[in-house]
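Below: the structure, in structure tokens.
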Amino acid sequence: MTVPDRSGFEALFAPRGVIVAGASTHPGKFGFVALHNILRNGYPGKVFATNREGGEVLGVPCATSIDDLPDGEADLVFVCTPAGANPDLLRACAKKGVRAAFVTSAGYGEAGEEGRRAEADLVALAGELGMLLAGPNGQGVVSTPASLCAQIVAPYPPAGRIGIASQSGNFVSSFMNYAVQTGVGVSRAVSAGNAAATTVPDYLDFYAEDPETAVGLAYVESIPDGRAFYERVKGVVERKPLVVLKGGATAGGQQAAASHTGALATDDRLFDGMCRQAGVTRAATVEEAFEAAATFATQPLPKGPRTVVVTTAGGWGVVTADAITRSSLELAPLPDDLRAAIDQKLPPRWSRNNPIDLAGGETRDTIPEVLELVASHPDVDAVIYLGLGIQSNQARTMRTGPYYPDHGLERIVDFHERQDRRYAEAAAAVSEATGKPVLTATELAVAMPDNPGPAAVRESGRLCYAASNRAVTALDHLWRHARWRQRRGL
Amino acid sequence: MPTLSEAESKARLAAHGVPVLDERVAGTADEAVGAAHELGFPVVAKLCGDAIAHKTERGLVRLNLGDGEAVRSAATDLLAAARPEDGAVGVLVAPQVRATRELIAGLNLDPQFGLTVMLGIGGVLAEALGDVAFRLVPLTRTDAEEMLDDLATQALLGAFRGEPPVDREAVVDVLLGLAGLAEADPSVRSVDLNPLMIVEGRPVAVDALVEVAP
């Protein structure tokens, strides 16, 4: 296996110009959709289009031959032409200085013996031309630092630090849809398609060196050479965290994978052991995978497992304590000096232990103060804060009811919303000041996403977890990875 | 795939630090009785040879032999049960050990991942529990320690029914020994330590089978 050189990835993720080959006037065709999505999402570089008929698509004049395009102005060709046309297309593009091709065309390795031959020929040709070949049979590539959305599907995520690579294009979309929902953004995303020349580990290897990317997020199904995969991802994880979702973890899933990508069945426990050895963060579900990546991207790594829960209501704390106890995290006993310090801030009915249940004793400044006391304590490694958004939820009911703004409602609504905003900002500020993870969780993140509490968490660039157990799962992944690093002196 | 005899398998593993019992290979029933007296009763007798990979299935293991007569009779039967295709055989005489806890460990050649080390909870419920952990060769001491942490049945590794906790470092040494053998001898294709008994908290390979490339 040859590792593609870096300039090909630069051409793919930060092209100076893009050619859409096979541009179509029909808004249902890939050749239209790709061009549309590139233009629609504000790609600032030059955009060229080619097709057999000429004419114009979305105001872009279409050349009937690559030869008619200017030299050296496009680095990337986005290929929507039939497989048979592609060898000549790539040769012509190479002459124009194109260094990367994303091939959406089907009819390759997934299409029988003839397709496999065509794919091998395409790989060899790209190699000769010194061109990075992405795909074929892939959905596209996204790169937010370049404002590039070269895809035959919709989602374009907010900018962020997660680098996505997937053997299944639809999982690229799923991950990016979560990015849109949560506001935790993406740096690069690519669907490897048949991964004929450029494989998921190749992209991950690029992400490991990419200053725009803080964490890799991958979906894999078939691993033809497990040993090479292990060596590659281990090299990636030594540099950056990597979250992997694996399809085909069960006998039923393996059967489905065999018909999807022709994957060979492996004992899942072996894959699991490989992940643990390589320091890969393995997630069980797509949601868990995204949230783990989002947490790596937006929270510092914990230096130890000692976790303290700060909650405004007892029941939430109890359930969260259960989740922590079931994980690799520790429900840290509250240090005496910390207890004494909190005693100064709260009436005596507070829980006086971990979880710290404020039990309704808080006043205007208590929550930011307690968060700061807890996170600053040397015997605390991480904090989970529950109860954000309750005040604003009441405020919303008041604001939308018939009594607003009279009866003093306007004032109290403003107060509630200001407070929740403060709490969210305090959680982020305390985390930054202490270098410790501080996670906030409330179902209001999905139930009422415009609630000023969760909204302010989003504005801080962090994830507001939709349930405390999901915050615990994400934090557990961070600690396991941090421990893997510590034990290996990394 | 060719296999090594139990005695040869154990000798190779012991050279890499895998604990085995003090055992003797006897060519005749008389020698077997002599070996049993040296080791002390009760003993186990097994037919041992390079080509014998499935002793239990063929009834070639005799347990709980309490005196010289029992050993003589068992050894005579075992030697008589040898088939021409078994090649050179002997009777392996070993002390009978008792353990409430058993682990399994081994090396396997996976078509995708290459040589892997395995550790699991052994005993009659092993298959039903499926509590095993894998790592790829080569592995570090830290990797091996984490394999033990991966087992779900941690309660079985602590103090248990009056026995001390499992000596985790000693189990780690077994795993590193397996990996060490694989690295030292590229012809090794698989190793099966089943059971790896926990005696007074310490692991000991009571049976071992090494497969080598043809």
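The values are calculated or read from the model by the stated rules, or taken from the named source; none is laboratory data. Quick caveat: nothing in here was measured; it's all calculated off a predicted structure. Here Cβ is always computed from backbone atoms with ideal geometry, including for glycine, and neighbour counts include all displayed protein chains.
The table below lists the values:
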read-out	value
Pairs, first more than 14 Å from every other protein chain (Cβ to nearest Cβ) in segment A:273-291, second part of a loop (DSSP other than H, G, I, E, B), C-beta under 7 Å, six or more apart	A:281/A:241; A:291/A:463
Qualifying strands (runs of 3 or more DSSP E) (wholly inside segment A:76-163; at least 2 residues being of a type in the set (Val, Ile, Thr) and modelled with pLDDT of 95 or more)	A:76-79, A:140-143
Condition met for residue B:72 (away from chain A (no Cβ under 14 Å) and surrounded by fewer than 17 Cβ atoms within 10 Å (Cβ to Cβ))	no
Extreme residue, surrounded by the most Cβ atoms within 10 Å (Cβ to Cβ), among residues of segment A:373-416 that are without any contact (Cβ under 8 Å) to a residue 60 or more places away in the chain and under 16 Å from residue A:439 (Cα atoms)	A:373
Residues (in contact with a Gly (Cβ under 7 Å, 6 or more places away or on another chain), outside any strand (DSSP E or B), more than 14 Å from chain B (Cβ to nearest Cβ) and not basic (Lys, Arg)) located in segment A:209-240	A:210, A:213, A:236
Search result, residues across segment A:327-336 that are surrounded by fewer than 18 Cβ atoms within 10 Å (Cβ to Cβ) and touching a residue at least 12 places away in the same chain (Cβ under 8 Å)	A:328, A:330, A:333, A:335
Considering residues of segment B:123-141 that are in contact with a strand residue (DSSP E or B) (Cβ under 9 Å, 6 or more places away or on another chain) and part of a helix (DSSP H, G or I) only, the residue farthest from residue B:107 (Cα to Cα)	B:129
Selected residue (criterion: farthest from residue A:487 (Cα to Cα)) from residues of segment B:142-201 that are part of a loop (DSSP other than H, G, I, E, B) and of a type in the set (D, E, K, R)	B:161
Yes/no for residue B:120 being more than 27 Å from residue B:49 (Cβ to Cβ), in contact with a helix residue (DSSP H, G or I) (Cβ under 9 Å, 6 or more places away or on another chain) and either away from every other protein chain (no Cβ under 13 Å) or assigned to a strand (DSSP E or B) (or both)	yes
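This table checks each residue for (1) under 21 Å from the mean Cα position of the chain (by Cα); (2) under 20 Å from residue A:312 (Cβ atoms).
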| site | (1), (2) |
| --- | --- |
| A:429 | no, yes |
| A:441 | yes, yes |
| A:471 | yes, yes |
| A:483 | no, no |
| A:488 | no, no |
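Every residue, every condition in (1) modelled with pLDDT of 95 or more; (2) within 12 Å of chain A (Cβ to nearest Cβ), yes or no:
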site	(1), (2)
B:125	no, no
B:134	yes, yes
B:143	yes, yes
B:150	yes, yes
B:161	no, no
B:174	yes, no
